[in-house]
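Working notes for the structure below.
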Amino acid sequence: MKTDRDEVERRLARFRAVAREAGVKLTHQRLEIFREVAGSLEHPSAEAVLRAVQPRMPTLSLDTVYRTLWLLNDLG
């Protein structure tokens with residue numbers, strides 16, 4: 001199940017603000033991974049995030065997804 005588009009955009013704006021405050025670089029990979037997590041009503045696994053994002057970003061690795069999820073956790 002997916003979250004509505006306006007809510008995803010609000011979450012993305014908040015993520016961008018928090019990341020900038022923390023001095024975290026907002027890479028395309030990080031934004032796509034966060035967009036996928038922000039659009040889910042469930043708690044997706046790293047593997048599920050990878051499967052969802054990989055069609056748009058075929059070179060994305062599971063390691064990158066894990067590192068980004070840890071970063072998101074650290075940012076709160």
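The set of residues in segment 1-36 being among the hydrophobic types (A, V, I, L, M, F, W, C), out of contact with any Leu (no Cβ under 9 Å at 6 or more places or on another chain) and within 17 Å of ARG67 (Cα to Cα) consists of LEU26 alone.
Do the conditions hold for LEU60, that is, is it assigned to a loop (DSSP other than H, G, I, E, B) and open to solvent by less than 30 Å² (accessible area, probe 1.4 Å)?
yes
Residues checked against (1) out of contact with any Cys (no Cβ under 6 Å at 6 or more places or on another chain); (2) at pLDDT 90 or above; (3) outside any helix (DSSP H, G or I); (4) among the hydrophobic types (A, V, I, L, M, F, W, C):
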position: ARG10; (1), (2), (3), (4): yes, yes, no, no
position: ALA13; (1), (2), (3), (4): yes, yes, no, yes
position: ARG30; (1), (2), (3), (4): yes, yes, no, no
position: GLU42; (1), (2), (3), (4): yes, no, yes, no
position: ARG51; (1), (2), (3), (4): yes, yes, no, no
position: VAL65; (1), (2), (3), (4): yes, yes, no, yes
position: LEU71; (1), (2), (3), (4): yes, yes, no, yes
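Residues in segment 12-34 that are open to solvent by less than 80 Å² (accessible area, probe 1.4 Å) and not hydrophobic (A, V, I, L, M, F, W, C): ARG16, GLY23, THR27, GLN29, ARG30, GLU32.
The values are calculated or read from the model by the stated rules, or taken from the named source; none is laboratory data. Bear in mind the structure is a predicted one, so any value in this text is a computation, not a measurement. Note: ideal-geometry Cβ built from the backbone for every residue, glycine included; neighbour counts use all protein chains shown. Side chains included, ligands, DNA and RNA excluded: accessible areas come from the protein's heavy atoms. Shrake-Rupley method; radii C 1.70, N 1.55, O 1.52, S 1.80 Å.
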